[in-house]
Protein chains: 2
Amino acid sequence: MSVAIKKAVVLLSGGLDSATVLAMAREQGFTAYTLAVSYGQRHSAEVLASARVAQTLGSVQHQVMQVNLHELGGSALTDRSIAVPEAPTTGIPVTYVPARNTLFLSLALGWAEVVGAYDIFIGVNAVDYSGYPDCRPEFVAAFEQLAQLATKAGVEGQRFKIHTPLISLSKAQIVTEGRRLGVDYAQTVSCYQADDEGRACNRCDSCRLRRAGFEAAGMVDPTRYQTAV
Amino acid sequence: MSVAIKKAVVLLSGGLDSATVLAMAREQGFTAYTLAVSYGQRHSAEVLASARVAQTLGSVQHQVMQVNLHELGGSALTDRSIAVPEAPTTGIPVTYVPARNTLFLSLALGWAEVVGAYDIFIGVNAVDYSGYPDCRPEFVAAFEQLAQLATKAGVEGQRFKIHTPLISLSKAQIVTEGRRLGVDYAQTVSCYQADDEGRACNRCDSCRLRRAGFEAAGMVDPTRYQTAV
């Protein structure tokens, strides 16, 4: 008897959200190909974290793609001349990286087609999402449509599905679900300006959302901070 | 008196088509930011050609983005274990690079947003297009829609336009138009397996289409071939 293998490409940044997504994809029975994108972000400790998480959660292949986005600038995450904000801001924040999720999904789509996967998982979130336009359901739907038209597999009749299992969850719901699935959040790095050991600043937007999530879920926060909290 | 500057990002591979597109964008009055993507393709001479063409045709900034697509494989253009075909094939050829134009347009979109350009030019062609799905008008229209939803600029009401001035031209029409605009095709490299000096193989699909284009236009073919024709 031969059992069909369901393959998926999972975008895995090494942060809290994408680690949870990987665990969810695995629970749904997908064989996971994990993809991290190193794009000159300040928080390269996140990329190292992605490899640890990939191994722990049973990725069959972990690929790090390198893109020199920092040469384009335009974001506090890729351009060291723009400061990462340490107080809440309104509107779309300076940590927005132009067209980032479009790029990430493009790379995932290309790899998916190569390995014969028609399911792509991405940890976008429209609740605690910091106001990024490319985390909204309408963006994801538009990319799914594009994938059909962009690829040989799509033209040949395969249906690509972009899975966004976190899209309507709060941070507290995400970590609660991740705990149930055995995610070790001590392995993950969410901070926008983590140090080389992956210790978090405890001041940026991403740190604030993460900390509040553990608090709201009534869970111990395993994050390693640069200074004691 | 201050004159508004119309900026555009122009994808410039260094081949015949994109050089013509750059000349057309310049004629339409756009200040051109040119973007080449080095993705581990066999024909890296093309990337060197892009810099020469950018300078000759008045690009204000030429950016080469590096992406390690060869690590994903899946195409004769990025994987040396797959041979470039030297006879016409049917269907979508093995030179198809999964999700390539989606990736290229993502990078162009990100840079466009950084420099404040809302016009992007790409030299896709639906006539002599070798059967690639991501060269079709419906793909381009879907990407334009995505761009609105994916970006801060789009959310704030800017309209992105993807210009495809070659989409319905034959190769002969393209080179005729390029000659009128002063494009020096001796600077361009189209071959899928050009040598390090940019000399063409004269056998691959891309060489065949290019040579036939000059012939049909009644123009001298300035291509430098590896062996005398």
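Of the residues making up segment B:108-118, not a single one is within 14 Å of chain A (Cβ to nearest Cβ) and more than 21 Å from B:Met65 (Cα to Cα). Looking only at residues in segment B:129-139 that are in contact with a Ser or Thr (Cβ under 9 Å, 6 or more places away or on another chain) and at the interface with chain A (Cβ under 7 Å from one of its Cβ atoms), the one that is surrounded by the most Cβ atoms within 10 Å (Cβ to Cβ) is B:Asp134.
So which residues in segment B:25-63 are within 14 Å of chain A (Cβ to nearest Cβ) and either more than 14 Å from the chain's Cα centre (by Cα) or within 27 Å of B:Ala4 (Cα to Cα) (or both), if there are any at all?
Those that are within 14 Å of chain A (Cβ to nearest Cβ) and either more than 14 Å from the chain's Cα centre (by Cα) or within 27 Å of B:Ala4 (Cα to Cα) (or both): B:Tyr33, B:Thr34, B:Leu35, B:Ala36, B:Gly40, B:Gln61, B:His62, B:Gln63.
Just so you know, in segment B:179-229 the residues that are over 18 Å from B:Glu46 (Cα atoms) and small (Gly, Ala, Ser) include one that is surrounded by the fewest Cβ atoms within 10 Å (Cβ to Cβ), and it is B:Ala228. Here B:Leu149 fits the description: more than 30 Å from B:Pro85 (Cα to Cα), touching a helix residue (DSSP H, G or I) at 6+ places or on another chain (Cβ under 8 Å) and not in a loop (DSSP other than H, G, I, E, B). A:Ala142 meets all of the listed conditions (1) within 12 Å of chain B (Cβ to nearest Cβ); (2) surrounded by 24 or more Cβ atoms within 10 Å (Cβ to Cβ) but one, namely (2).
A short reminder: the numbers here are calculations on the coordinates, not readings from a lab. In this text the structure is predicted, and so the values were computed from the model without any measurement. Virtual Cβ from ideal backbone geometry, glycine too; neighbours counted across all protein chains shown.
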